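Chemist: What follows is a structure written as structure tokens; I'll ask about it next.
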Amino acid sequence: MVFYVGWALLSFIQAANTELFDDEAYYWVYSRFIDWGYFDHPPMIAAMIKAGYAIFQNEVGVRLFVLILNTATVFVVHQLTCKKDDLLFYAVATSVAVAQVGGFIAVPDTPLLFFVVLFFWLYQRFLQNNNISNAILLGICMACMLYSKYHGVLVIFFVLLSNLKLFVNINTYVAALVCLVLFAPHLYWQYQHNFPSIQFHLFERNAANYRFAFTIEYLVAQIAFAGPVIGWFLLWATFRYRPYSYLERAMQFTLAGTYIVFLLSTYKGRVEANWTVAAFIPLMVLSHRYLVKNYRLQKWIYRSIPITLLVIIAVRLYIMSWFPPIPWIKRNEFHGNRTWTTEMHRKAGNLPVVFIDTYQKASKYWFYSGMPAFSLNSPYYRRNNFNMWPVEDSLMGKTVYMDVPDNNDYFRRLFNPHGWPFPQDGIHQNFYSFSRVLFTEIKCTAVKKGAVKVNSKVSVPGNYMPLFQQPAYCQTPVWLVLYEDGDVKTLINSGATVQKLTGVSFELTIRIPRDVVAGTYSARLCIGSMLPGFPSINSTEFELCVE
């Protein structure tokens, strides 16, 4: 009990003294628009933040239920170790730095970890007592995994793969039915919004070309993520362990399968280290079970603990808000947020702030200033939930303060053909952009040399329709953007304007400039904004052939 009280207290102190990370602020904005789904993730993290923030209107509130679930996760993992050699378990848990340092951060990984370990605990009960009540509990837990993060589907798949007898067990289908019924609202939300999460995670995140560095980075990151000091040893111990039960077999399948799936994913692009987080439950349980049986190897864990603790303490201290930032660490999400948001609020006054191509800064400004903010996402960036929330609607025709991007030279080159659109004081009148318009089911055909015909469906919010007929907005152009190796190659004015977006279908013929080399490109349809030549993203990527 002392171990868990200390674990929770340390996380609470850390949460209270650390400013929000970028994604935490973004998920906080999620919680202001509670829904059955979001562009990037399912809604579990938003619901947890909503509940915690109702109690404490600060960083602790954002992280409150994450802290609780993190401690509960370690406790349930402990129960799965058969309670053999508690001191060794505490050493293993302490060695997995992500369980400590990452345990207070309000991200979808934490609820996923909790429901993964709860799933394995319930699966053990299901194997011991195969009845309908345990099947229903399993179904509820599976739905909670999927509501936490889509990666939960890998756990379900590999558990089924590890025990094919489950397919002839009627209660397996009871669990599946319960899960499907509970998860149906999210699936319906995806259907209503043209499956944005599937489009983004499976198609839009792909790199233009494979790089061997993606694979090397992944392998190194997984070893460090499991440690950081003794991660290699825990992985070795886990793979050395020979399972004796269906539960252990399920865990080993989940761990190996998760690592293999994301290893293969490096062929499509960079894989974030935390995507394999579901494997950490089997890692902790199976490495502990192996080391319990191999007493002489335990010295490696115990001898590494002082070094691990020094590394963890250093990281914990550095990310605290009162600790001075280190200049040579370029990516710093957790220092100075109150300072820059306060300064920007002083400049903007009570005007809403529009950021360009950064949902992170928009979210942090909103959290720390209390004033609404918006991210205008251009073809040089990516879509996110600011393309879906009605934040943009409230800004139409209003005066806004527009943040000038940090990299002025880069953005000056982008705006060079159209002139620098940012006034000295940052204040723009009559703001407009149409990020929430979405082109779907896009089909392209070459009609003649140097021209393509584009057919698509179009989804337009009802309150945008009248705007498209007003003189101030009706001539806003629809753009075709071509990409080469993942970068914007050219923006082509289609010749069509938003006046044509009056039905559910859209058709236009676009002349391709002669300087565009024949070939196959990735492309998007975009709609102009108040910034000349800087449209919003209004479609997923599609393939376009230029003859």
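Chemist: Of all residues in the stretch 368-417, which are on the phi < 0 side of the Ramachandran plot, among the small types (Gly, Ala, Ser) and without any contact (Cβ under 8 Å) to a residue 24 or more places away in the chain?
Modeler: Within the stretch 368-417, Ala373, Ser375 meet the criteria.
Chemist: Given the residues Phe214, Phe262, Phe253, which is the only one that is touching a residue at least 40 places away in the same chain (Cβ under 8 Å), out of contact with any helix residue (DSSP H, G or I) (no Cβ under 8 Å at 6 or more places or on another chain) and surrounded by 15 or more Cβ atoms within 10 Å (Cβ to Cβ)?
Modeler: Result: Phe214 is the single residue among Phe214, Phe262, Phe253 that is touching a residue at least 40 places away in the same chain (Cβ under 8 Å), out of contact with any helix residue (DSSP H, G or I) (no Cβ under 8 Å at 6 or more places or on another chain) and surrounded by 15 or more Cβ atoms within 10 Å (Cβ to Cβ).
Chemist: Which residues, counting only those in the stretch 473-485, are modelled with pLDDT under 90 and out of contact with any strand residue (DSSP E or B) (no Cβ under 8 Å at 6 or more places or on another chain)?
Modeler: Within the stretch 473-485, just Asp485 meets the criteria.
Chemist: Go through the residues of the stretch 78-85 one by one and say whether even a single one is open to solvent by less than 30 Å² (accessible area, probe 1.4 Å), in contact (Cβ under 8 Å) with a residue 24 or more places away in the chain, of a type in the set (S, T, N, Q) and under 28 Å from Gly139 (Cα atoms).
Modeler: yes
Chemist: For the stretch 283-302, give me each residue that is crowded, with 19+ Cβ neighbours inside 10 Å, touching a Phe, Trp or Tyr at 6+ places or on another chain (Cβ under 9 Å) and in contact (Cβ under 8 Å) with a residue 60 or more places away in the chain.
Modeler: Met284, Val285, Ser287, His288, Arg289, Leu291, Ile301
Chemist: I need every pair where a residue in the stretch 438-457 that is over 13 Å from Leu508 (Cα atoms) and open to solvent by 50 Å² or more (accessible area, probe 1.4 Å) has its Cβ under 8 Å from the Cβ of a residue that is in a strand (DSSP E or B) and polar (S, T, N, Q), sequence separation at least 6 or different chains.
Modeler: Taking only residues 6 or more apart or on different chains, the pairs are Glu441/Ser456.
Chemist: If you don't mind, there's one more thing I want to ask. Is it fair to say Trp189 is within 22 Å of Ser304 (Cβ to Cβ) and surrounded by fewer than 19 Cβ atoms within 10 Å (Cβ to Cβ)?
Modeler: No: the conditions fail for Trp189.
Chemist: Does Tyr188 satisfy the criteria of being under 30 Å from Asn538 (Cβ atoms) and either aromatic (Phe, Trp, Tyr) or touching a helix residue (DSSP H, G or I) at 6+ places or on another chain (Cβ under 8 Å) (or both)?
Modeler: yes
Chemist: Check whether at least one residue in the stretch 101-110 is open to solvent by 10 Å² or more (accessible area, probe 1.4 Å), more than 22 Å from Pro43 (Cα to Cα) and out of contact with any Leu (no Cβ under 7 Å at 6 or more places or on another chain), and report yes or no.
Modeler: Yes, the conditions are met somewhere in the stretch 101-110.
Chemist: Restricted to the stretch 129-175, and to residues that are open to solvent by 70 Å² or more (accessible area, probe 1.4 Å) and within 16 Å of Met251 (Cα to Cα), which residue is farthest from the chain's Cα centre (by Cα)?
Modeler: Ranking the candidates gives Leu164 first.
Chemist: Run down Ser505, Ser536 and say which single residue is within 23 Å of Asn463 (Cα to Cα), open to solvent by 70 Å² or more (accessible area, probe 1.4 Å) and of a type outside the set (Phe, Trp, Tyr).
Modeler: That would be Ser505, the only listed residue that is within 23 Å of Asn463 (Cα to Cα), open to solvent by 70 Å² or more (accessible area, probe 1.4 Å) and of a type outside the set (Phe, Trp, Tyr).
Chemist: Continuing with the same structure: Given the options Gln424, Gln499, Gln470, Gln475, name the one that is surrounded by fewer than 19 Cβ atoms within 10 Å (Cβ to Cβ) and in contact with a Phe, Trp or Tyr (Cβ under 7 Å, 6 or more places away or on another chain).
Modeler: Gln499
Chemist: Hey, Tyr241 hits all of (1) of a type outside the set (A, V, I, L, M); (2) modelled with pLDDT under 90; (3) surrounded by 14 or more Cβ atoms within 10 Å (Cβ to Cβ) but one; which does it fall short on?
Modeler: (2)
Chemist: Any idea which of Thr341, Thr258 is of a type outside the set (Gly, Ala, Ser) and within 21 Å of the chain's Cα centre (by Cα)?
Modeler: The match here is Thr258.
Conditions tested, residue by residue: (1) more than 20 Å from Phe355 (Cβ to Cβ); (2) more than 31 Å from the chain's Cα centre (by Cα).
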| site | (1), (2) |
| --- | --- |
| Gly397 | no, yes |
| Met402 | no, no |
| Arg412 | no, no |
| Phe415 | no, no |
| Phe439 | yes, no |
| Ala446 | yes, yes |
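Chemist: Can you spot a residue in the stretch 66-73 that is under 21 Å from the mean Cα position of the chain (by Cα) and small (Gly, Ala, Ser)?
Modeler: No, there is no match, as no residue in the stretch 66-73 is under 21 Å from the mean Cα position of the chain (by Cα) and small (Gly, Ala, Ser).
Chemist: Could you tell me how many of the residues in the stretch 176-194 are aromatic (Phe, Trp, Tyr) and under 23 Å from Met251 (Cβ atoms)?
Modeler: The total comes to 0.
Chemist: From Val168, Val181, Val159, grab the single residue that is within 28 Å of Tyr244 (Cα to Cα) and touching a helix residue (DSSP H, G or I) at 6+ places or on another chain (Cβ under 9 Å).
Modeler: Val159
Chemist: Could you check the stretch 421-432 and list, in sequence order, the residues that are over 26 Å from Val516 (Cβ atoms) and not in a strand (DSSP E or B)?
Modeler: Hits for the stretch 421-432 are Phe422, Pro423, Gln424, Asp425, Gly426, Gln429, Asn430, Phe431, Tyr432.
The values are calculated or read from the model by the stated rules, or taken from the named source; none is laboratory data. Predicted, not measured: the structure shown is a model, and the values here were computed from it. Glycine also receives a Cβ, built like all others from the backbone with ideal geometry; neighbour counts cover every protein chain displayed. We work out accessible area using only protein heavy atoms, side chains counted, and drop any ligands, DNA or RNA first. Shrake-Rupley method; radii C 1.70, N 1.55, O 1.52, S 1.80 Å.
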